[in-house]
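Peer 1: Here it is: the structure, laid out below.
The values are calculated or read from the model by the stated rules, or taken from the named source; none is laboratory data. What you see is a predicted model; the values in this text were computed from it and never measured. Neighbour counts are summed over all protein chains in view; Cβ atoms, including those assigned to glycine, are modelled from backbone coordinates with ideal geometry.
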Protein chains: 2
Amino acid sequence: MRGIVPQKVKGFRDINSTQNALRELIIQKASEVYRRFGFSRFDTPVLEYAECLGKYLPDNDSVAQGVYSFKNPEQEPVFDTLGKEMRDDANNVIMENHYVAMRYDLTAPLARVYAESLWQQHLRGEIQGKTNLFRRFQYGPVYRFEAKLDPGRFREFWQMDFDTVGAEDVATDAENCMVLSEALENIGLKRGTYLIKINNRKIVNGLLAFIGIDKKEDETAVMRVIDKLDKIGIDNVAKELGAGRIDETSGAKIPGLGIKDDNIALIVNYIKDFEKHTSRKETLLKLKSKPAFENAVYKEGVEELEKIDGILKTLGYDEKVAILDPSMVRGLGYYTGPIYEVESLQTYKDEKGRERKVGSICGGGRYDGLVENLLGVKVPATGASIGVDRLAELLTLTNQVPEQIDGPVIVIVFDDALMPLYQKTAADLRKNGINTEIYYGAKRGLKHQMAYADKNNCPLAVIIGGDEAEKGVATVKNLKLGKLLADKISDKNEWKSKVQKEISLENLSEEIKNMLAQE
Amino acid sequence: MRGIVPQKVKGFRDINSTQNALRELIIQKASEVYRRFGFSRFDTPVLEYAECLGKYLPDNDSVAQGVYSFKNPEQEPVFDTLGKEMRDDANNVIMENHYVAMRYDLTAPLARVYAESLWQQHLRGEIQGKTNLFRRFQYGPVYRFEAKLDPGRFREFWQMDFDTVGAEDVATDAENCMVLSEALENIGLKRGTYLIKINNRKIVNGLLAFIGIDKKEDETAVMRVIDKLDKIGIDNVAKELGAGRIDETSGAKIPGLGIKDDNIALIVNYIKDFEKHTSRKETLLKLKSKPAFENAVYKEGVEELEKIDGILKTLGYDEKVAILDPSMVRGLGYYTGPIYEVESLQTYKDEKGRERKVGSICGGGRYDGLVENLLGVKVPATGASIGVDRLAELLTLTNQVPEQIDGPVIVIVFDDALMPLYQKTAADLRKNGINTEIYYGAKRGLKHQMAYADKNNCPLAVIIGGDEAEKGVATVKNLKLGKLLADKISDKNEWKSKVQKEISLENLSEEIKNMLAQE
């Protein structure tokens, strides 16, 4: 017999009630804001055809890497590039087990939704001019198989996205930044504790084209290297753009892109130029002063940023909320225009007392090519995402988690014969809006019952033994107050007199309601 | 080039905002009740080691069938039955790619959670007497690959479970029925429109033992056949218990269990005996009058039902809510004691005008052996589940869906030059608590914008053209009223005067708030 011990899959985790409460808070507060801006909720399955997801994973060119993917148990037709079922020599439809994959983000499935709807319109012979507008938000788990998992990271984590498909205007991109800001503040972050950094892929692509790098895959490779700036520093970025480097800790050889030295210098200088954050106005002036401004794509990128800056200014989102950061590029391959990332500025102390930051908590941008890659039709689209788990981590590490919600009132089980009385008592409390649990555990000792009540954050315990039942009363123990007074009152009888109270069963609901309200 | 067209995986579906609203309603209302009884939310991952999920799928003996399962990309140690890492001849730990599977329900992962915690206690050398109490609720998607998919069924669907692990007392089973009843009524079902049917596996197992069928796999096989009663009728059940039968529609040969004729007669008579629902008291009397009552397991099962009946009676849950149905067995292999199923009694007309019922919307029961199968430790456990999607379907088919929530107010985009004004106007409305969307679509015709507003259920449209901007006003169109009056008022000018209104931009938020409140 060979097998495994009972355990979660490595890199996965269970979520307890406190963590769930935090997730619910984030989702509810962000939903409010997303709806405020006109987005409505739309969900897609966890499983998609691998081919429909595209190949957009950060740092991976292949959907087979970094993704949980497997052969669908069902055989289905194979289609040619024109969307026609393929047939074999005997004219039978060719059937295959297509690969399916667990979604690695919520953007690729959205592109599938939109492409599927366009494809259906095409089959119905409906002629398309410009594309229809579609706005939705979605939240849920996404899956990434990273072979080397950093501590505190997981292979299943939650994201919360909002997107606008079918809108060309970069005003939507400005709006995306406002939505992020309002959502984070609605969740509880104070203005000034986070910063939205905005850039435009067109500027970086224009710059690269200006120095002769203009193939898509080369551009993407450069972006991925620059994206590591915060992690590896500018010197290592320069090395990875050139001949490559040896990783200090692992000793592994990291191959370089082989860009010429003078071009590397140009890229490095560009990044260094914008290292220090200045006002949006100054950054725009500096961007315009560069020689690359004669490149049409670069120029368009700067003008779009100028428009976004204008809208943000009009609506009162100043540099405390959002800056322009031309050195921020984001790793994902699919961005085509404005991009944004939200960095938390708050610090916390790790277990060794070192000051730490959580880093990026949201990201997004424009991806006008995502549907095109599936269907050949160009569809403008833009959106952003809150890293729900990352944000939950930030709130926890910086002590911004709302107070723990009380558990239920617990009815202690002393005597099986009294079970009907316990149940009537509990039913009565529930009818009065009081969450109430009867202790059904097999371990019946009072110590066990109290330990259970403590673990589940029960505010009060209702104790009815034989004597009490006869007298028609219950002893109510205020567990919360008891904990509070435990250090302050050393005399056990005094402590008891403060936290325990005999109450007639008739008035029990009323009195307990008052006790809970008093806190 | 071969591939697929943009589409969802077969058997999967997208969920639009209306369907999401219904799902949210069900989950919120049921959560309230689950919490009222002391359950708190706990989540597990979608992916589990296949071995940790066990083999409990209805109608399938193997976890490989009916489940989406694949090899984990990561290599991990192999353990022997004592939980020790296995080593090869050179003393290296044997590594393997274990199979992982997408969860097919929320009960098997709960057993993994509990077994994992017991296993960790065991590793820490903590001695266990009776097991700890653990109560949780959980909701989310589960995955089943059914090769033949019935119309309207899906391979990804939502369940909402609550469970109590570590409780022996069948009072918890009585409570489970109360939780189901209160949850369904909190969601909106009226008393009398659903019926909880309660039975006890011990009764059926006792009966089978009484006639000589006492091997676990034989018992399970009989349960699965009896579970089809509603679908195939008693005559076909008899055939499948015996020599098998030919399916009328497909012509497929369905093998039988080969039980002896007189034993089949006994089982069939037992089922027929309880076909007509009577009072719980009468059913209990009839159960006691059977010869099988001399079997200890059968007797224990009847006594447990008696206890459950007593508790339900004490708390006012009469036969309108719950009956005893000894012919209801449930297909799942893991039940060991009381079982329950909720049937919707409401009918609806299908597309051909035939009266239809949705059937079972909830189910549950006691499964004292689930953790034992993973770890060899017997742990009492019981719980139940609401079929969220099935219930949503019922509410939709019987017109019990709450009224559709209004979409956002829409700001029509006439002139790009006015975009800052549109955005200021929208920001102002949002600050006043009004959900507001600016139309960012690439298709700019007024007709397109209005069609979009209509599709998204927008109650009002704010129209500001050049003239209006100069005058400092907006034209507000009441789209909801407009639809209402469209049939009633044929004169276009009269209709316009009722549904369109010029409002100064200064008072816009206030007036729109009033208009929305008036509805």
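Peer 1: Could you go through the range B:400-418 and let me know if any residue there is assigned by TED's automatic domain parsing to the domain that holds B:ASP467, over 16 Å from the mean Cα position of the chain (by Cα), free of Cβ contacts under 8 Å to residues at least 24 places away in the same chain and outside any loop (DSSP other than H, G, I, E, B).
Peer 2: yes
Peer 1: Would you point out the residue of the range A:147-168, among those that are within 10 Å of chain B (Cβ to nearest Cβ) and over 27 Å from A:ARG136 (Cα atoms), that is surrounded by the most Cβ atoms within 10 Å (Cβ to Cβ)?
Peer 2: Filtering the range A:147-168 for residues that are within 10 Å of chain B (Cβ to nearest Cβ) and over 27 Å from A:ARG136 (Cα atoms), the one surrounded by the most Cβ atoms within 10 Å (Cβ to Cβ) comes out as A:LEU149.
Peer 1: Here is a follow-up. All but one of (1) of a type in the set (A, V, I, L, M, F, W, C); (2) over 28 Å from A:ASN16 (Cβ atoms); (3) part of a helix (DSSP H, G or I) hold for A:VAL377, so report the exception by its number.
Peer 2: (3)
Peer 1: Could you tell me whether A:GLY310 is loosely packed, with under 15 Cβ neighbours inside 10 Å and within 14 Å of chain B (Cβ to nearest Cβ)?
Peer 2: On the way: loosely packed, with under 15 Cβ neighbours inside 10 Å: no; within 14 Å of chain B (Cβ to nearest Cβ): yes.
Spelling it out, it is not the case that A:GLY310 is loosely packed, with under 15 Cβ neighbours inside 10 Å and within 14 Å of chain B (Cβ to nearest Cβ).
Peer 1: Does any residue of the range A:381-389 turn out to be outside the structural domain of A:HIS448 (by TED's automatic domain parsing), under 30 Å from A:ALA427 (Cα atoms) and surrounded by fewer than 23 Cβ atoms within 10 Å (Cβ to Cβ)?
Peer 2: Within the range A:381-389, not a single residue is outside the structural domain of A:HIS448 (by TED's automatic domain parsing), under 30 Å from A:ALA427 (Cα atoms) and surrounded by fewer than 23 Cβ atoms within 10 Å (Cβ to Cβ).
Peer 1: Name every residue in the range B:270-292 that is out of contact with any strand residue (DSSP E or B) (no Cβ under 9 Å at 6 or more places or on another chain), surrounded by 16 or more Cβ atoms within 10 Å (Cβ to Cβ) and in a helix (DSSP H, G or I), in order of residue number.
Peer 2: The answer is B:TYR270, B:ILE271, B:ALA292.
Peer 1: Looking at B:SER490, is it hydroxyl-bearing (Ser, Thr, Tyr) and surrounded by 15 or more Cβ atoms within 10 Å (Cβ to Cβ)? So that I can check it myself, show each step before the final result.
Peer 2: Numbers: hydroxyl-bearing (Ser, Thr, Tyr): yes; surrounded by 15 or more Cβ atoms within 10 Å (Cβ to Cβ): no.
It is false that B:SER490 is hydroxyl-bearing (Ser, Thr, Tyr) and surrounded by 15 or more Cβ atoms within 10 Å (Cβ to Cβ).
Peer 1: Looking only at the range B:94-112, filter to residues that are surrounded by 22 or more Cβ atoms within 10 Å (Cβ to Cβ) and closer than 19 Å to B:THR382 by Cβ; which one of those is farthest from the other protein chains (Cβ to nearest Cβ)?
Peer 2: The selected residue is B:THR107.
Peer 1: Can you confirm whether the range A:428-445 contains a residue that is crowded, with 23+ Cβ neighbours inside 10 Å, in the same structural domain as A:TYR335 (by TED's automatic domain parsing), modelled with pLDDT under 95 and of a type outside the set (A, V, I, L, M, F, W, C)?
Peer 2: No: zero hits.
Peer 1: Same structure again: If I go through the range A:313-336 residue by residue, how many of them are away from every other protein chain (no Cβ under 14 Å) and either closer than 22 Å to A:ASP273 by Cβ or of a type in the set (Phe, Trp, Tyr) (or both)? Steps first, answer last, please.
Peer 2: Here is the first cut: in the range A:313-336, the residues away from every other protein chain (no Cβ under 14 Å) are A:318-320, A:322-336.
Then drop every residue that is not either closer than 22 Å to A:ASP273 by Cβ or of a type in the set (Phe, Trp, Tyr) (or both), which leaves A:319, A:322-331, A:334-335.
Total meeting the criteria: 13.
Peer 1: Being in contact with a Phe, Trp or Tyr (Cβ under 8 Å, 6 or more places away or on another chain), outside any helix (DSSP H, G or I) and closer than 17 Å to A:ALA474 by Cα is the filter here; which residues of the range A:423-451 pass it?
Peer 2: A:THR436, A:GLU437, A:ILE438, A:TYR439
Peer 1: Something else now. Mind checking which residues of the range B:25-34 are out of contact with any Pro (no Cβ under 7 Å at 6 or more places or on another chain), surrounded by fewer than 21 Cβ atoms within 10 Å (Cβ to Cβ) and not β-branched (Val, Ile, Thr)?
Peer 2: B:GLN28, B:LYS29, B:SER31, B:GLU32
Peer 1: Given (1) more than 23 Å from the chain's Cα centre (by Cα); (2) assigned to a helix (DSSP H, G or I); (3) modelled with pLDDT of 90 or more, identify the lone condition not met by B:GLN7.
Peer 2: (2)
Results for (1) basic (Lys, Arg); (2) assigned to a helix (DSSP H, G or I); (3) without any contact (Cβ under 8 Å) to a residue 60 or more places away in the chain, shown as yes or no for each residue.
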{"site": "B:GLU146", "(1), (2), (3)": "no, no, no"}
{"site": "B:LEU149", "(1), (2), (3)": "no, no, no"}
{"site": "B:PHE157", "(1), (2), (3)": "no, no, no"}
{"site": "B:ASP161", "(1), (2), (3)": "no, no, no"}
{"site": "B:ALA183", "(1), (2), (3)": "no, yes, no"}
{"site": "B:LYS190", "(1), (2), (3)": "yes, no, yes"}
{"site": "B:ILE213", "(1), (2), (3)": "no, no, yes"}
{"site": "B:ASN236", "(1), (2), (3)": "no, yes, yes"}
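Peer 1: While we're on this one: Find the residue count for the range A:274-289, including only residues that are modelled with pLDDT of 90 or more and of a type in the set (Asp, Glu). Walk me through it before giving the result.
Peer 2: Kept after step one, since they are modelled with pLDDT of 90 or more, are these residues of the range A:274-289: A:274, A:278-289.
Adding the requirement that they be of a type in the set (Asp, Glu) leaves A:282.
Adding up the residues that qualify gives 1.
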